[in-house]
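S.K.: I have a structure here, written as structure tokens, and I will follow up with some questions on it.
Computed from the coordinates by the stated procedures, all read-outs in this text should not be read as laboratory data. Because the structure is predicted, anything quoted here is derived from the model rather than measured.
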Amino acid sequence: MLLYITGEGYFNMNDTYLELWVKTKYMLEKSVGQKTFNEFFNPITKIAKIENDTVFMLTPNNFVKNRIDKLFLNKINDYINKEATNSLRFKFITEEEVANVHMNRVNTQTINNMQTIRNGNLNQTYTFDNFVTGRNNRLASTIAIQVADQPGVFANPLYIFGDVGLGKTHLMQSIGNYIVDNDHSKKVLYVKTENFVEDYVNLLRSKQIEKFNEKYRDIDILLCDDIQFLSKKNQSQQEFFKLFEKLHADNKQIVITSDRPTTELKDIMTRLTSRFSWGLVADINAPDLEHRIEILKKKLTTHSIQGEEFPHEVLELIAKNFTSSVRELEGALNRVIFYKTMLNEELTVENAYEALKPLLKGKEMNKDLNKTTDVDKLFDVVCGYYNISRTDIISNSRKRAVVYPRQVAMYLMRILYEIPFKKIGSFFNNRDHSTVINSCEKITFGIKNEDSIKRDVENIKSKVEK
């Protein structure tokens, strides 16, 4: 029997949601093991409220809630997306959190106001749940979760950098939303740097600087986006420096994003940029092919068209041709969905190609998904460069003179042709994909830290591309 909390106790709600939770628990019991199930999921039997397609589940304590959020929430909501007819999702909350938002009674009005509790310019759609993690952003995502779980303690400040459209803002606001979800009393403020500068200039001119201080200093979490726009804004830099010093001294969490590392920030005073590196610095790179496909699959869960209606070949077509940013990828997906919906045509590679034509001006469209890459030429160039044979490079030899060229060849196959790791392994005497991943990571590290490796890779790449 589904229960709803009021000041007087519990009363019945629609049994449909109870049945769904029971099914979910049954799935979890089979997949997580009996001990984990008994500790985390068996005690959860009450629902505080269903609001805006979100089911708020009551957990016995913060430990259980945090473990579910970190380890199982994506799994639960992925399962719900398959079982529910509407776009439903679960969130977990403790009774202590209910008290923290001054709710002596949890009723319809207060639950409806949960959206206003999430203040500070946060976009509630930016969550860790719908942030797709891959090799390009795994470190940044892991650090962000730890910062959200221990604000002001784990890494302060957190500085995230990367090109436009790769998810920096999503990850930053996920931190804010996670903190608010776990403690409604926390004051979180998300601000774009241009707006910070505008606030400061306008309130300074109107002699209302106390309003500026009230807005920016009386907070627990500062999320400042695109800090590079402080460039040449000397007075605003001074004010941001004072704000940074105040919040940091009070152990208030600061998260900053930029399109470049701290060492490449131009026309911003050194004493400020140096402080950006006090905590942790994390970069986000462009997603590889597999990651782009996973992002598309995740985006499909928010559309009326379900994943099973979307042929993998169409997803791969989009992922192969829109590589610069997640925004570009999502725009291409939306175009294909719109095309299918408006014309009510079967979703095929050819139809998707027609839909994407306007977005592909200046791009060379890769329509042939079965086109084999010229790995033979790559092998010839690498073997000639290092004066070894192809037999040597695909052998099991552990000699440095063979292992290093082999790793370079694997790395270049990956970045030049975006061949899956498993497929690359097949070219090297069926090596395991984990070996290929390890080789690619070693060369990636080497390029950043050893000039000789960087020079080798650039020389070979230029020969292959001739």
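S.K.: Pull up all non-local amide H partners of Thr133: gap of 5 or more, or a different chain, and H-to-H distance under 5 Å with H placed in the peptide plane.
M.R.: Amide H to amide H, under 5 Å and 5 or more residues apart or across chains, Thr133 pairs with nothing.
S.K.: Can you list residues from other chains, or at least 5 along the same chain, whose modelled amide H is less than 5 Å from the amide H of Val55?
M.R.: Distant-sequence amide H within range of Val55: Arg89, Phe90, Lys91.
S.K.: What 222 nm value per residue comes from the helices of the chain, counting each DSSP H run with n ≥ 4 as -39,500 (n - 2.57) and dividing by all residues, nearest 500 deg cm²/dmol?
M.R.: Values: 23 runs with 253 residues, N = 466.
Calculated at 222 nm, the ellipticity per residue is -16500 deg cm²/dmol.
S.K.: Related question: Please report, to two decimal places, log10 I(q)/I(0) for the range 289-360 at q = 0.15, 0.16, 0.17, 0.21 Å⁻¹ as given by the Debye formula with identical point scatterers on the Cα atoms and no solvent.
M.R.: Listed by q, the Debye log ratios stand at -0.40, -0.46, -0.52, -0.83.
S.K.: Take the alpha carbon atoms of the range 144-188, find their radius of gyration, then divide it by 2.2 N^0.38 Å using N residues; give the quotient. Numbers along the way, then the final one.
M.R.: Details: Rg = 11.0 Å, N = 45, 2.2 N^0.38 = 9.3 Å.
Against the compact-globule rule of thumb, the ratio is 1.17.
S.K.: I need the phi-derived Karplus couplings for the range 430-441: 6.51 cos²θ - 1.76 cosθ + 1.60, θ = phi - 60°, integer Hz, Gly and Pro marked x.
M.R.: 6, 5, 5, 4, 5, 5, 5, 4, 4, 5, 5, 5
S.K.: Let me ask something else about it. Indicate the gyration tensor shape class of the range 138-284 (rounded, prolate or oblate), computed on the Cα atoms with a ≥ b ≥ c the square roots of the eigenvalues: a/c under 1.5 is rounded; otherwise a/b larger than b/c is prolate and the rest oblate. Working shown, then result.
M.R.: Details: a/c = 1.72, a/b = 1.20, b/c = 1.43.
Verdict is oblate for the range 138-284.
S.K.: Of all the C-alpha pairs in the chain, what % are more than 28 Å from each other?
M.R.: On the way: 67732 of 108345 pairs.
For the chain, the fraction of Cα-Cα distances above 28 Å is 63 percent.
S.K.: Can you tell me what share of the DSSP beta bridges in the chain is antiparallel? A percent to the nearest 5 is fine. If you can, show how the numbers build up before the last one.
M.R.: Details: 8 of 32 bridges.
Among the beta bridges of the chain, antiparallel pairing accounts for roughly 25 percent.
S.K.: Which ³J(HN,Hα) values, rounded to whole Hz and listed in residue order, are derived for the range 379-384 from phi using the Karplus coefficients 6.51, -1.76 and 1.60 in 6.51 cos²θ - 1.76 cosθ + 1.60 with θ = phi - 60°, glycine and proline given as x?
M.R.: Along the range 379-384, the couplings run 4, 4, 5, 5, 5, x Hz.
S.K.: Per residue of the range 72-81, in order, report the coupling 6.51 cos²θ - 1.76 cosθ + 1.60 (Karplus, θ = phi - 60°) as ³J(HN,Hα) in whole Hz, putting x for Gly and Pro.
M.R.: Rounded to whole hertz, the list is 10, 4, 4, 4, 5, 6, 5, 5, 4, 4.
S.K.: Please work out the Cα center distance from the range 212-267 to the range 163-200, rounded to the nearest Å.
M.R.: 12
S.K.: Can you tell me what the convex hull of the Cα atoms of the range 375-464 projects to on average, as an area in nm²? The partial results should precede the final answer.
M.R.: On the way: hull surface 20.0 nm².
With the hull built on Cα positions only, its mean projection is 5.0 nm².
S.K.: Amide H neighbours of Ile284 under 5 Å, counting only residues 5+ apart in sequence or on other chains, H built in-plane at 1.01 Å?
M.R.: Here the answer is Phe161, Gly162, since their amide H atoms fall under 5 Å of that of Ile284.
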